[in-house]
Amino acid sequence: YNPYLRRLDEGAWPTRSPHNFNLTVLTRMGFLGFALWLGILAAGVGGLIWRAWFNRTGARRLEPAERAELAFWAAMLLATWVNASLGVLMEGPVLGIWFWFALGFGTARATRAFAEPNVSQADGGLYAPHTAGLRPAFGTQ
């Protein structure tokens, strides 16, 4: 028994969602929820794009690897949002989990880069390999 097969004769098919995730947020959460959704997009995706584009986090310039990483997370979020604007995949774990993972991880990486001091790899600083002068934490010295 399948309830969808029974509806073939009636001609009425249940609709899963309006058209895309943005309209789903608007219809289910109202204008306040839609404003919050736009705020999440502006702060999360826009912030990553801004930091990668202008090559800065606060007063600190980004290393090329950091800039490429932030650009990757911003591109992943932008592609996921475009896909969600054309379908309903964000409503399930298929695409939703990747959007929220990328938003959280990209924002964390951006704020981590913001908190670190401006020490370049050329100076042998923070991003240089730290193998010289290391000793084991336990055991013989």
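The values are calculated or read from the model by the stated rules, or taken from the named source; none is laboratory data. A quick note: this is a predicted structure, and the numbers were derived from the prediction, not measured. Neighbour counts are summed over all protein chains in view; Cβ atoms, including those assigned to glycine, are modelled from backbone coordinates with ideal geometry. Just so you know, the surface numbers come from the protein's heavy atoms only, side chains and all, with ligands and any DNA or RNA stripped out. Shrake-Rupley method; radii C 1.70, N 1.55, O 1.52, S 1.80 Å.
Grab the Cα-Cα distance for L41 and A65, subtract it from 0.36 nm times how many residues apart they are, and report the gain in nm with one decimal.
Between L41 and A65, full extension yields an extra 6.2 nm.
V94 versus F54, label points 7 Å from Cα toward the beta carbon: distance in nm?
Distance between the two pseudo-spin positions: 3.8 nm.
Give the ranking of R61, R51, R56 by solvent-accessible surface, highest area first, calculated with a 1.4 Å probe.
Details: R61 120, R51 60, R56 85 Å².
Per-residue accessible area, sorted high to low, gives R61, R56, R51.
Please give the length that would be gained between L23 and F72 if that part of the chain were fully extended, namely 0.36 nm times their separation in residues minus their C-alpha to C-alpha distance (nm, one decimal). Intermediate values should be presented prior to the final figure.
On the way: separation 49, 0.36 × 49 = 17.64 nm, distance 2.67 nm.
Full-extension gain reported as 15.0 nm.
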